[in-house]
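Report on one structure; see the data block that follows.
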Amino acid sequence: MTINVSIVGATGYTGAELVRILHRHPEVELVALTTRSYAGMHFYEVYPHLYQYNQLTCEEMDLTKILDISDVIFVALPHGHAMPIALEAARRGKKIIDLGADFRLLDYRVYEKWYKVDHEARSLLDGAAYGLPEINRENIKKSGLVANPGCYPTSVILALAPLLKHGLIDTGSIIIDSKSGASGAGRGLSLGTHFCEVNDNFKAYNVAVHRHTPEIEQELGKIAGEDIIVTFTPHLLPITRGILSTVYARLNTPLGKEQVHGHFMDYYKDEFFVRVLPLGLKPQTKWVSGTNHCDLGVTVDTRTGRVIVVSAIDNLVKGASGQAVQNMNIVCGLPENTALDIPGLYP
């Protein structure tokens, strides 16, 4: 079985990470890498660390050609740009995994409010699967259009799912404190991610208005079976990779840390990519760097009656490209950990 794969928007960080991961996928042949800025250049000229691992030449997107030669298309473009591709792919019966935000939100009006873009592919929203496998695996299996989750939502939803599923917390008390490395902003130049702005610095940004907020609330609401509103504050860390989220919520009834930890262990007992750490061990971004793992650490503050969950992922892997490959594996009926079963880099 050979799966012909194209990556649209291959020269961003998530595109490069897809190329790195898919190089070792035994069932995949990369057939096209598209770009707006580097057409005619070998991919390794854009990303020299992939020299001798990929010989393809970057090309301008020709959608008809891409659809003709591809079984699966990864779209790694900014929001608003996946819609025309997905519409034509649906007409042709091709599988799309969108790493952007265009199909994550079920209500197009919510999307348009937060992203300030008209949704031109509303007809596809009902059939799109939210691509968080540990939560939505069965829907992903049946879908030809997978909306790969945002990086922050991945770290947060996995941290809260067991608590919401078992009704352990007051859903009105959720506070999310998340911190991301600078690669989450992409490869484009901006003052906010300039070395001199990030180095030796630490700041909150998009406080109370971050676009991942409605995505987090939507998916947590599905798990809880009720509307959820959260307080979510993202921060920028002076590191390249990684997200560390610390999530707080008030317990509905007094529980010890052993009981809460037991719920997490049971909920994720069959999940290869979610590692519930032993009590007393708290995740660090270094431990998941370069991997598709989400590490979770759980404790209870008995003095305040709150549960505290610490979650760590690599924003470019489990937060983007690794999860996209995991989704492709599910859609294509392959073992989920194909090409992804590698430990991280340390130190």
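Can you pull out the GluC sites (Glu not before Pro) in segment 135-238 whose DSSP state is coil and whose Cβ has at most 16 other Cβ atoms within 10 Å?
Counting only loop positions with at most 16 other Cβ atoms within 10 Å, the GluC sites (Glu not before Pro) in segment 135-238 are Glu226.
Which whole-number value in Å³ per residue fits the convex hull of the alpha carbons of the chain?
Per-residue hull volume (Cα only) is 137 Å³.
Tell me which chymotrypsin sites (Phe, Trp or Tyr not before Pro) from segment 1-95 have a DSSP coil assignment and no more than 13 other beta carbons within 10 Å of their own.
The qualifying sites are Tyr51, Tyr53.
I need Tyr47, Tyr108 ordered by Cβ neighbour count within 10 Å, fewest first.
Tyr108, Tyr47
Please report, to two decimal places, log10 I(q)/I(0) for segment 193-347 at q = 0.10, 0.13, 0.16, 0.17 Å⁻¹ as given by the Debye formula with identical point scatterers on the Cα atoms and no solvent.
Here log10 of I(q) over I(0) equals -0.43, -0.74, -1.13, -1.25.
Which aspartates and glutamates have a Cα less than 19 Å from the Cα of Lys269, not counting those fewer than 8 places away in the same chain?
Glu134, Glu138, Glu258, Asp295, Glu336, Asp341
Can you work out the Karplus-derived ³J(HN,Hα) for every residue in segment 127-133? Use 6.51 cos²θ - 1.76 cosθ + 1.60 with θ = phi - 60°, whole Hz, and x for glycine or proline.
So the Karplus estimates, Gly and Pro as x, are x, 7, 9, 6, x, 9, x Hz.
Using the Cα centre as the reference, give the magnitude of the dipole from point charges on the C-beta atoms of segment 152-315 (Lys, Arg: +1; Asp, Glu: -1; all else neutral), rounded to the nearest 20 debye.
On the way: 15 positive and 16 negative charges, 68 e Å.
That gives a dipole near 320 debye.
Remind me, relative contact order of segment 152-315 in percent, using alpha carbon pairs under 8 angstrom and six or more residues apart? Write out the running numbers ahead of the final one.
On the way: 341 pairs, mean separation 49.2, N = 164.
Over segment 152-315, the number comes to 30 percent.
For segment 29-44, just list the computed ³J(HN,Hα) in residue order, Karplus coefficients 6.51, -1.76 and 1.60, θ = phi - 60°, integers in Hz, with x standing in for Gly and Pro.
Karplus-based 3J(HN,Hα) across segment 29-44 equals 10, 6, 10, 7, 10, 9, 7, 9, 10, 10, 4, x, 8, 5, 4, 5 Hz.
Using unit Cβ charges (K, R positive; D, E negative) and no other charged atoms, how large, in debye to the nearest 20, is the dipole of the chain about its Cα centre?
So the magnitude is around 480 debye.
How far apart, in nm, are the 7 Å Cα→Cβ label points at His23 and Phe195?
The modelled label-to-label distance comes out at 2.4 nm.
For segment 1-81, run through the trypsin sites (Lys or Arg not before Pro) and keep only the ones in DSSP coil with at most 14 other Cβ atoms within 10 Å of their Cβ. Please report the intermediate quantities before stating the final value.
Values: sites: Arg20, Arg24, Arg36, Lys65; in loops: Arg24, Arg36.
Here the trypsin sites (Lys or Arg not before Pro) that fit, given the DSSP loop and packing criteria, are Arg24, Arg36.
In whole Å, what is the distance between the alpha-carbon centres of segment 308-332 and segment 207-252?
16
Run a plain Debye calculation on segment 177-264 (Cα atoms as equal point scatterers, no solvent) and give log10 I(q)/I(0) at q = 0.18, 0.26 Å⁻¹, rounded to two decimals, same order as the q list.
Result of the Debye calculation: -0.91, -1.31.
What percent does the relative contact order of the chain come to when contacts are Cα pairs within less than 8 Å and at least six residues apart?
17
Towards the positive end of the charge dipole of the chain, with charges on Cβ (+1 Lys, Arg; -1 Asp, Glu), say which of Ile73, Ala129, Cys196 has the farthest Cα.
About the Cα centre, the residue reaching furthest to the positive side is Cys196.
None of the figures in this text is laboratory data; all of them are computed from the coordinates on show. All values reported here derive from a predicted model rather than from experimental measurement. Because the Cβ atoms are built from the backbone with ideal geometry, glycine has one as well, and the counts that use them run over all protein chains shown.
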